[in-house]
Amino acid sequence: MAAAALCRPASFFPRPASPGQRRRSGGSLASVSFPSACRFPGPRPCRFLRSASSSPSQWGMGVRCRAAGTESKAASDAAVRSGEPGQDRFWVADSGRLEFIDSYKLLQLTGTVQMREMKEQFLDNMDLERERGITIKLQAARMRYVLDNEPYCLNLIDTPGHVDFSYEVSRSLAACEGALLVVDASQGVEAQTLANVYLALENNLEIIPVLNKIDLPGAEPDRVAREMEEIIGLDCSTAIQCSAKEGIGIAEILNSIVTRIPPPNDTSQSPLRALIFDSYYDPYRGVIVYFRVVDGSIRKGDKIYFMASGKDYFADEIGVLSPNQMQVDELYVGEVGYLSASIRSVADARVGDTITHFGRRAASSLPGYEEATPMVFCGLFPVDADQFPELRDALEKLQLNDAALKFEPETSSAMGFGFRCGFLGLLHMEIVQERLEREYNLTLITTAPSVVYRVNCANGDIIECSNPSLLPEPGKRRSIEEPFVKIEMLTPKEYIGSLMELGQERRGEFKEMNYITENRASLIYELPLAEMVGDFFDQLKSRTKGYASMEYSFVGYRESDLVKLDVQINGEPVEPLSTIVHKDKAYAVGRALTQKLKELIPRQMFKIPIQACVGSKVIASESLSAIRKDVLSKCYGGDISRKKKLLKKQAEGKKRMKAVGKVEVPQEAFMAVLRLEKE
Amino acid sequence: MLRSTFLPFFISSPFPPAKAFALRAYLPRPPPVCKYSSSAQSPPPPPPPPPPPPTSAYVHLPFCRKRCHYCDFPIIALGSSTPHHPDTDPRISNYVQLLLREIAATRAWSDDCSPLETVFFGGGTPSLVPPGLVSSILDALKSRFGMCDSPEVSIEMDPGTFDKEKMERLLELGVNRVSLGVQAFQEELLRACGRAHGLKDVYEAIEIVTDCSELQNWSMDLISSLPHQSQEMWEESLRCAISARPAHVSVYDLQVEQGTKFGHLYTPGEFPLPTEMQSADFYRTASRMLSGAGYSHYEISSYCKDRYECKHNLTYWLNRSFYGFGLGSASYINGVRFSRPRRLKEYEEWVQKLEDGLVVLHEDISVDTKDMAMDVVMLSLRTAKGLDLRGFAKCFGKSLARSLCQALRQYVESGHVVAMDDDRNMLSYPEFELKMSEDSDEMGNAVASIRLSDPDGFLLSNELISIAFGIISP
C-alpha cells in the first residue's frame, strides 16, 4: 500500500501559499477522543501554552488531512471514577481541504471555546503557520458534546498535512479510532488524499467522508462523491456535505462521529501504554508531551518511562487540552492529554514513543516508532563570521524542540565556518532557516540542498555523503548510489503529456498509468530523489495549471552514473556551489548554472570569469563584465542628502552577500542550481 | 504657548548649551560616544573646540525660461509667452522679497559672527534676475552677516540671458566669479537636452565674459553622456572649452532622474544614451584633455587652473557649515543639515513661520556619529586631496580608520584607491601592506590619507564609497 511506504519523505513543496489565502488547502488530521465521562469543567481562562515550536512543519498543498477524534460514549462521572474506559473515536479527515476554521467551528458548536476567546483560527498559533497557511505543529483539543442527553468527550487532533511530516501524521492517526475524510467539493481527490486514506485504513480507522466548501459556486459535491467512491472505494452515500465557512453540516459531523466511530477498548487494568503524538519545548517547563492513553491510566506524580528513548521522569503535571491546558489528576484509557516532566529535549520524548510506568512496565511498546532520518542536507553559514557562535546556540535551541533536526559543524574555504544540517525535507529546511533568521536575528547563506549519496569506494568502504564537496575523488570511488523515490501523480488527462515529459526530464522511469476516472489519470514513476529536491513540485503545478497533485515514497538506493560539477568564480573554486549530477546532464546543467550565476552575481569592479568544471575539465564558462562607471557627478548647492541616501542603499545591498575571494556573491546564487529551469 | 510645541529652529533660537560643537577642521561634531575607538588602546578623542561658524552662503534663484529635459531641481519656469520682461516680472521681485525676509529672519551665528567669505547664486538661471535685485540680496547678506574684504561672489549665468551691460552691472555690484552654463558645443545636443539657448548664444556669452578684463575667475559647465553624443562631439566640446580659456571647468556626467523628461524617455546605458563603456570613456577623455591643458582635477566633476578652485564648493567638500537661502536650498549649520521646501507656496509659509519663530526642524537635532563619519568619507573622497585618516581616526576612532583601510585594500591593489604617507607620497601596494602589518595599533597613523585615483577611482566612486559606508554602518 502506498501509505505503508509513506515515511520519511524528502520534501518538494518549497513555496508557501500566497499570503492572505483564506481558504487553506490541504488537510490536517484531528482526532477527538472522549474518555468516559469527564464532566467538563467550565471553560476557565487559561493560557494557551502552545509555544512556537519548531520544525515539523507541514504545508499542505492541496492535500490535507483532518483526523477528528472520536467521541467517547461517556457514561457518567461515576464511570470515570471507576476507570471505565471512555469510548473514543477518532476521525481522519482528509484531504481535500478542510480549513482550520472547521475545527474551530467544532469547538464553537460544542461550547469548548467561548466567543470571546475565539481568535481566528484558534489552533494555529505560530506566526509562521499563519503566514504560510500551514500547520507546522500538531494541535489538539478536547470537547464535550451531548447527543440524546448523553454527554460525550471528543478529542480532536489536528496534524500537519505536509509530506515532510507524514511520520507525525501516521502517529496521530495511530492514536485515533476514526477519521474524517474531508474533501474539497470544488477540487476533488488529490494524491495525498489517497496516501492519507490508505494510512487511515491501515490503522483500521472508521472513515467518515465529508465534502467541504459546498458553499462555493464551483462546488460539485455529487461529482466529487462519485470520484471518491471510484478512486477510494469508499461508500459515499452517507457523505456529509458541509461548509466550514458557513457553518453548514457541522452538527451532522459531530453526530456521526458519536454514532459511527467505535469507542476504545477497555484495557484500563493493563499496564500503562500511552502514545506520544506530539511534543514541544516550553522554555519554562521543559518538554510538553501530547499523548493518548492506549492502555491503563496515568496519575499526576507517577514515575514514567519512555520506552524508545529509555529515559524516566516524574510526571509533574498532567492535564487535558480544552484546548487550553487544564490540569487534571488522572487520565484514563482512551483519553488525550498532555504531561510535563521537566524533560530537557524533545529527543527524549519523541513522537511515536510509548510512555509506560517505570515501576510497572508494559511488555511491549506500541508499534510504529521510527527514528527521524534526515533526507535533505544543506550548509548554513552566517554571512558575518562573528555570528557563528550565535548560530550554534540557535540551532541547539531549535533542536530542543525538533528531534528531526540534525547538524554538525562544516568548514569551507569559501564560506568560513558554518553547519551542515539535515532536514526531513525542503519545507522543513525552509522553516528552520526562516526561524533562525526571524527569531534569532541571524543573516544566513543557505547552500543548495543535497540528498545523501552512497559511495562505494575502491577500497571496499561504503561512505554516505551528503555534501557534494566531500565526494571522494573519482579514482577513489567505484560507484555512486543515490536514493530513488516512487512518485504518484494524479492529473486531469490533458496534462498527462506534459507530466510524462517532466518525468523523463528528471531521469524518471515510467512505471504505470491508470485512468482513475474518465478524466483523471494516475501516473507512477520512479526517479532519483535528487531530481525532486528543488523545483519539481513547482514544475508539476505550473505544467498542469495547478490541477495535478503528487505523493511519493522512498524505494531504495540505486547506482547511477554521477559526476561532481564544480564551480569556479574568478578562478576560485566555490565548494558550496558544487553539485552532483548525472553524467549525461552535466553539460546542460553546467551551462545553465554559469548563465544563472552571471545573472545573479552583481557586476563588480573587475571582470569575473564563472566556470563549471567536471574534474579539471572546464565544461562551461561565462564572464561577468566589470562595472565601468558608477559616479554621481553633481552635488547640487551642497545638498548631499539625496546622494547619501543612494549610497546608503547601495551599501545596504552588499550586506546580504558573501565575499568569496574578492567577489561578493548574493544568497540567491547559492540556490541557483535549483532554479535552472524556472525561466 | 504654540511656540513650545515646536522644536526650536537652530538659527532662530539660542543653542542649548549642552550641545557640543565640534567643527574643527571639517568635522562638525565629535562623536558623543565613540564606539569605534572604544575597542582598545585608543582613548576617546578629547572634547573638540566649538565649530567655526558658517562663512558661506548659498542663494537659490530658481527662475528659468523653461525646464531642461534632464533637470529635477526646484525651479520656476517663466515660460516664453510671459507678458513681462524678466526685469519687471513680479514673480521674480516677489520671490526676492521673500528671500530678503528669510535672510532678515535668520539669526546670525553669534554676536561676533564671522563675515561671509563666499556667496553663491545658484539656480535656476540667476542671470535672469535683474542686477538691481541681486544687489538688494547682497546688501541684505552684508548687513545681516557682514562680508569679508575680498569675498568670492559667484553667479551662474546661462548663454542668451545676459548682455555686456548686465555683465558689467553685476561686476560692479561685487560679483567676481561667473559660472557659465554652456553644457555642449553642438546645436543638436543643446536642442536635444531642451536648453533655452543655441550655439550662437554660447559664443556670444563667451565673448562677453572674456571681454571683461577684470573677470579672470570664470567657469564653464559641460555635460557628458547626453543623448546622441558621440566621442567626437565630446572631444570637440572639450577642445572648444579649452580654447575659451576659462579658469575653471565643471564636467557633469548626465544623471537620468526620475520624473524628468529624460527619465521618461531614456534608460541609462541604452540608445540614444551612450553605453556605460562610452560614458566611462567620456569621463576619461575629459580627465585626459583637461589635465593636458593645465587644469587640475581637484574634485570628481571639477577642474581648475592653479588657485582657481571654487572656494564656495570647497566648503561642501570640506564638510564645513554654510547658510542656505531660498526655495529648496540646503543649509548645514551646527552639524544639522536642513533642506527648505521645494514648492514656492510651502516655502513662503515656511518663511512666515521662520519670522514668527515657529520653524520646525524636520530632523532630529542629535546627529548620529555614523552619519557624520559617512558625510566625511563621502565628501572627502570626492576630492583629489582625499580622506585625512589622521583626522578621521581622531574623531571616529582608530579602529574604524583601520577597518576602512582593510575594506579598501584590494582597491589599493587594483589602483582604484591611492594610499599616501604624511608627505602625500603615494604608497605602492606592497608598501601599503607593509604599513598595515607593521603595527596594528598604530595603523591609523601608518597611512596618512587615502584618495580615489583619477580617473579609475573617481569613475567608481559610488561603489567605493558605499563599501566604506558598509564598514561605518555594518
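Read the figures in this text as sums done on the coordinates, not as results from a lab. Note that the coordinates shown come from a computational prediction; the quantities given were computed from them, not determined experimentally. Methodologically, a virtual Cβ is constructed for each residue, glycine included, from the backbone with ideal geometry; neighbour enumeration extends over all protein chains shown.
Segment A:297-321 and segment B:385-404 have their alpha-carbon centroids 63 Å apart. Per-residue Cβ neighbour counts within 10 Å put A:Met657, A:Met415 in the sequence A:Met657, A:Met415, beginning with the fewest.
Counting only other chain Cβ atoms within 10 Å of each residue's Cβ, the peptide A:646-654 averages 6. Within a straight-line Cα-Cα reach of under 16 Å, B:Lys353 can be paired with the following lysines, leaving aside sequence neighbours fewer than 8 residues apart in one chain: B:Lys345. Taking a 23 Å limit on the Cα-Cα distance, which of the listed pairs A:Lys545/A:Lys596; A:Lys585/A:Lys662; A:Lys643/B:Lys398; B:Lys370/B:Lys398; A:Lys629/B:Lys398 fall beyond it? Those over the limit are A:Lys545/A:Lys596; A:Lys585/A:Lys662; A:Lys643/B:Lys398; A:Lys629/B:Lys398.
Placing a pseudo-label 7 Å from each Cα along the Cα-to-Cβ vector at A:Glu220 and A:Glu408 gives an inter-label distance of 5.3 nm.
Taking a Cβ cut-off of under 9 Å around B:Asp158, the surrounding Lys, Arg, Asp and Glu residues balance to a net charge of 0, with basic ones at +1 and acidic ones at -1.
Averaged over residues, the count of other Cβ atoms within 10 Å places the peptides B:86-96, B:61-71, B:324-334, B:262-272 in the sequence B:324-334, B:61-71, B:86-96, B:262-272, highest first. What the phi angles of segment A:368-380 give under the Karplus curve with 6.51, -1.76 and 1.60, with θ = phi - 60°, is a coupling list of x, 6, 9, 6, 6, 10, x, 10, 10, 10, 8, x, 10 Hz, glycine and proline written as x. Bridging of A:Lys476 to lysines at a Cα separation below 16 Å is possible for A:Lys564, once same-chain residues fewer than 8 apart are set aside.
Distance from the alpha carbon centroid of segment A:414-467 to that of segment B:237-283 works out to 50 angstrom.
I'd like the distance separating the alpha-carbon centroids of segment B:133-192 and segment A:612-627, in whole Å. Using only Cα atoms to place each centre, the spacing works out to 57 Å. With a 10 Å cut-off around each Cβ of B:265-277, the average count of Cβ atoms from other chains is 1. Across segment B:273-285, rounded Karplus estimates of 3J(HN,Hα) from the backbone phi angles (6.51 cos²θ - 1.76 cosθ + 1.60, θ = phi - 60°) give 6, x, 5, 4, 5, 4, 5, 5, 5, 4, 5, 5, 4 Hz, Gly and Pro being marked x. As a proxy for reagent exposure, ranking B:Lys311, A:Lys583 by other Cβ atoms within 10 Å from fewest up yields A:Lys583, B:Lys311. Per residue of B:447-458, other chain Cβ atoms within 10 Å of the residue Cβ number 1 on average. Ordering of A:291-297, B:412-418, B:381-387 by packing is A:291-297, B:381-387, B:412-418, highest average first (other Cβ atoms within 10 Å, averaged per residue).
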